[in-house]
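Okay, so here's the structure we're looking at.
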Amino acid sequence: MSQQLIDAIADMREDEALALVEELAGSGAPPLAILNDVKTAMDIIGQRYEESVYFLPELVLAGEMLNQIMEVLKPSLAETAAEKSLGKVLIGTVKGDIHDIGKDIVGFMLKVSGFEVRDLGVDVPAPKFVEAVREFQPQVVGLSGFLTLAFDEMKATVAAIEKAGLRDQVKIMIGGGQIDDAVREYTGADAYGKDAMAAVKLAKSWVGG
Amino acid sequence: MDKQKAPLSAEEKLEAAFQRLLSPKDPAGNDLQFQSAEAKANYQASITRIKDAIQLREPDRVPVTVLPSMFPYLNAGMTVEEAMYDYEKCTTAFKKFVLEYRPDMHIGASAPGPGKFYELLDYKLYSWPGHGVAPEHCYQCNEAEYMKADEYDLLISDPSFYFRNFYLPRIGGAFEGFKMLAPFTSILEMYGLAFNFVPFALPPVQASFQKLFEAGAEALRWVMAMGASDGALTAMGFPNIIGGFTKAPFDVIGDTLRGTKGIMLDIYRRPDKLIAALEHLTPIMIAMGVSAAQQTGNPLIFIPLHKGADGFLSDEQFKKFYWPTLKQVMLGLIENGCIPFPALEGHWESRLDVIQDVPRATTAWMVDQSDMVKVKQTLGQNACLIGNVSSSMLKLGTPQDVRDYAKMLIDTAGKGGGFIMSNGAFFDEAKPENVKAMVEFTREYGVYK
């Protein structure tokens with residue numbers, strides 16, 4: 001374990017973190033050990049975000065550091081078995097709405113919290129959600145939308161999942177600019193969240209994390 | 001002493017702007033003919049009411065407005081696409097909307113914008129109906145890194161050159177030829193003058209100008225339609241006092257130049273350049289608002305606030321990167337007789353202690369989902385508040401829900417004046433009876449005794 005690497009990532013010292021990863025990888029440290037340090041650092045970042053010490057700049061930079069580190073480690077990680085995840089979450093912005101930032105942050109926070117995340121992108125029609133629920137078999141579905149028009153599309157998506165006979169298999173959470181509990185009730189979703197940490201808490205509460 | 005030669009103070013400029021509003025002119029510059037004496041009285045009463053609220057006095061009653069996005073058009077049974085492409089349909093729907101809800105101020109029929117014009121520009125920054133969005137949906141921004149991370153120095157050294165030669169060609173196909181233009185600041189002396197004009201002989205540049213001539217003609221058609229609509233509504237007694245818009249420098253960079261991801265990274269990777277760019281954009285954003293107010297003759301300058309909301313930045317980051325230049329923009333507007341009209345989109349409760357530091361009775365803030373009682377206790381001691389009936393309530397609630405909420409707002413935010421009843425966020429869909437409940441309840445219950 002390299003405490004130095006963990007601190008560099010968690011304290012947002014990007015250049016130092018990347019140099020350390022290069023150095024460790026070059027000196028023959030096992031990639032899985034480096035990856036474990038990265039994961040420990042990401043947990044600290046998630047914790048600090050939850051405690052309102054960190055905000056978007058830190059999450060975005062953490063995401064960038066993670067991508068760059070994975071680029072370095074990827075060649076030697078190819079054969080490593082996929083890590084066991086807490087559970088699967090399917091996310092996407094509903095049809096007619098192309099806002100992606102909130103959804104991307106939720107996806108990132110779920111990933112660093114240990115979930116396997118599939119992101120369907122933006123402007124996703126209800127049948128595409130249904131198809132992905134069937135195929136990916138998530139425990140949680142997250143619907144994002146910022147427009148008032150998204151209320152109806154969220155409702156239609158929940159109804160389509162219900163109609164396909166898949167409603168009992170998933171918990172559905174919604175989020176976005178104008179979403180509150182009245183919208184949750186209207187759409188038939190199980191819960192709504194105000195920010196990315198709320199989404200992580202909901203997902204964890206549902207999959208027994 | 002010749003008093004007439006003393007420059008007007010900010011207060012005098014604003015007072016003059018209100019006096020101009022109270023006696024509107026027609027396009028020929030003559031006193032506008034109101035439809036009736038009643039229309040004139042209503043118009044002047046509305047302006048006076050709004051002025052009192054903004055200057056933190058008790059008006060005769062709480063002023064009320066409705067600030068929609070696509071609601072007037074969708075509610076009239078047309079698609080957003082129709083409202084964007086048929087100016088006649090658009091202004092007819094907006095007139096029907098104003099006559100139905102009779103707000104003390106309105107924002108004009110300009111929200112849909114001219115679809116054909118965006119087509120002629122080959123505009124890429126937004127998707128709109130028929131161009132990446134369904135006919136019944138509102139246009140939406142395509143966020144991307146339109147400004148690269150290594151272009152800060154270019155932006156800082158000559159913002160206009162940077163916009164013309166780098167930014168514009170990325171957000172609109174019609175600007176492609178602008179990449180070839182020489183800086184206008186190179187046009188200095190007779191000697192060498194001609195070199196600067198060679199690009200104008202080149203086909204890509206000429207093609208760009210040709211497209212802009214067409215786009216300009218379309219823009220003019222649309223502006224004439226909007227002006228005629230506003231004029232007709234004024235004659236019927238309904239003022240539009242929006243003078244134009246500007247933005248917080250942080251949002252200029254964070255929304256459409258670097259994008260959210262880009263600016264968040266810049267806070268760590270190049271904070272000094274980011275701050276220098278914010279400072280360079282500040283006088284430009286002041287001038288944008290002031291010149292719009294001069295052109296329209298209306299003092300209220302809308303400032304939609306985005307990336308300073310709760311959750312985006314830490315307190316420290318907000319105080320360092322977001323607030324200083326936003327405050328300077330507002331002070332610059334006030335100095336020039338304008339009324340900054342910032343919209344606190346989303347939640348802003350964690351920012352109230354910082355943003356309440358504005359000159360008293362000079363600004364009006366649209367409040368979306370922040371707790372209005374808390375906002376009144378802080379920012380509301382210094383500034384007029386507008387809002388905050390939620391989009392969710394207007395679409396999903398009942399008229400009674402709306403009346404109950406409006407009562408709470410009048411009893412708290414309305415206390416002592418300084419409050420304008422309104423929805424909190426620009427909305428597309430709502431139950432008409434809910435919008436009506438908000439307006440009618442305020443007219444009855446909102447009377448100050």
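Quick note: the coordinates plus some simple rules give every number you see, no bench work behind them. On a predicted model such as this, the values are computed, not experimentally measured, just so you know. Using ideal geometry, Cβ is built from the backbone for each residue, glycine included, and neighbour counts are taken over all protein chains shown.
One decimal place: the segment A:D15-A:L77 gains 20.1 nm when fully extended, by the rule 0.36 nm per residue minus the C-alpha distance.
Place a +1 charge on the Cβ of each Lys and Arg in chain B and a -1 charge on the Cβ of each Asp and Glu, then give the dipole magnitude about the Cα centre in debye, rounded to the nearest 20.
Values: 44 positive and 53 negative charges, 109 e Å.
That gives chain B a dipole magnitude of about 520 debye.
Between the C-alpha center of the stretch A:152-167 and that of the stretch B:302-323 there is a gap of 36 Å.
Note on chain B: with a GNM built from Cα contacts shorter than 10 Å, the maximum mean-square fluctuation among B:P203, B:P24, B:P399 falls on B:P203. Taking every residue in A:86-99 and counting other chain Cβ atoms within 10 Å of its Cβ, the average works out to 2. Is the shape of the stretch A:163-209 rounded, prolate or oblate, going by the alpha carbon gyration tensor and its root eigenvalues a ≥ b ≥ c, with a/c under 1.5 for rounded and a/b larger than b/c for prolate? Oblate, because a/c is 1.5 or more while a/b does not exceed b/c.
Starting from the Cα gyration tensor of the stretch A:3-77, take the square roots of the eigenvalues, sort them a ≥ b ≥ c, and report rounded, prolate or oblate (rounded when a/c is under 1.5, otherwise prolate if a/b is larger than b/c, else oblate).
prolate
Within a 10 angstrom radius of each residue's Cβ in B:264-275, how many Cβ atoms of other chains show up on average? Whole number is fine.
Working: counts 10, 6, 2, 7, 8, 5, 0, 1, 0, 0, 0, 0.
Taking the mean over all residues of the peptide, I get 3.
Reducing the stretch B:259-279 and the stretch A:98-127 to their Cα centroids gives an inter-centroid distance of 25 Å. Model label sites at B:K179 and B:K320, defined 7 Å from Cα along the beta-carbon direction, differ in position by 3.7 nm.
Annotation for A:A156 and B:A144: the two label points, set 7 Å from Cα along the Cα-Cβ direction, are 2.7 nm apart.
Summing Lys and Arg as +1 and Asp and Glu as -1 over all other residues whose Cβ lies under 12 Å from the Cβ of B:F318 gives a net charge of +1. State, to one decimal in nm, how far the label point of B:E433 lies from the label point of B:S157, with both points 7 Å from Cα in the Cβ direction. Reported label-point gap for B:E433 and B:S157 is 6.5 nm.
Can you tally the net charge around B:A182? Count Lys and Arg as +1, Asp and Glu as -1, for every other residue whose Cβ sits under 15 Å from the Cβ of B:A182.
Values: positive: B:R164, B:K179; negative: B:D158, B:E189.
Computed value for this residue: 0.
Placing unit charges on C-beta atoms (Lys and Arg positive, Asp and Glu negative, everything else neutral), compute the dipole magnitude of the stretch A:3-77 about its Cα centre in debye, rounded to 20. Could the numbers behind the result be given before it?
Working: 4 positive and 14 negative charges, 53 e Å.
Around 260 debye, computed over the stretch A:3-77.
The length gained on full extension between B:R221 and B:A16, counted as 0.36 nm times the residue separation minus their Cα-Cα distance, comes to 70.8 nm. Please work out the FRET efficiency for the pair B:Q381 and B:Q33, using the Cβ-Cβ distance as r and a Förster radius of 56 Å; give the result to the nearest 0.05. Calculated value: 0.85. Taking Lys and Arg as +1 and Asp and Glu as -1, the other residues whose beta-carbon sits under 12 Å from that of B:A406 total -1.
Net charge dipole, the stretch B:384-430: roughly 160 debye, given to the nearest 20, about the Cα centre with Cβ charges of +1 for Lys and Arg and -1 for Asp and Glu. Rounded to the nearest 0.05, the FRET efficiency derived from the C-beta distance between B:A207 and B:K449 at R0 = 60 Å is 0.35.
Across the options A:M109, A:Q169, A:L77, the greatest Cα extent toward the positive end of the charge dipole of chain A (unit charges at beta carbon of Lys, Arg, Asp, Glu) belongs to A:Q169. Rounded, prolate or oblate: which fits the stretch A:88-206, taking a ≥ b ≥ c as square roots of the Cα gyration tensor eigenvalues, rounded meaning a/c under 1.5, else prolate when a/b beats b/c? Since a/c stays below 1.5, the shape of the stretch A:88-206 is classed as rounded.
Over the stretch A:3-77, what is the mean sequence separation of C-alpha contacts under 8 Å (at least six apart), divided by residue count, expressed as relative contact order in percent? Provide the component values of the computation, followed by the final result.
Working: 54 pairs, mean separation 30.5, N = 75.
Dividing the mean separation by the residue count of the stretch A:3-77 yields 41 percent.
Which residues among the stretch B:152-166 fall inside the zone where the amide N is under 20 Å from a point 7 Å beyond the Cα of B:I187, along Cα→Cβ? Inside the label zone: B:158-166.
Cα to Cα, under 25 Å, and not fewer than 8 places away if on the same chain: which lysines meet these conditions relative to B:K415? The qualifying lysines are B:K51, B:K374, B:K376, B:K407, B:K436, B:K449. Each Cα pair under 8 Å and six or more residues apart adds its separation to the average, and for chain B the resulting relative contact order is 22 percent. Inter-part distance, the stretch B:395-438 to the stretch B:232-250, computed on C-alpha centroids, equals 21 Å.
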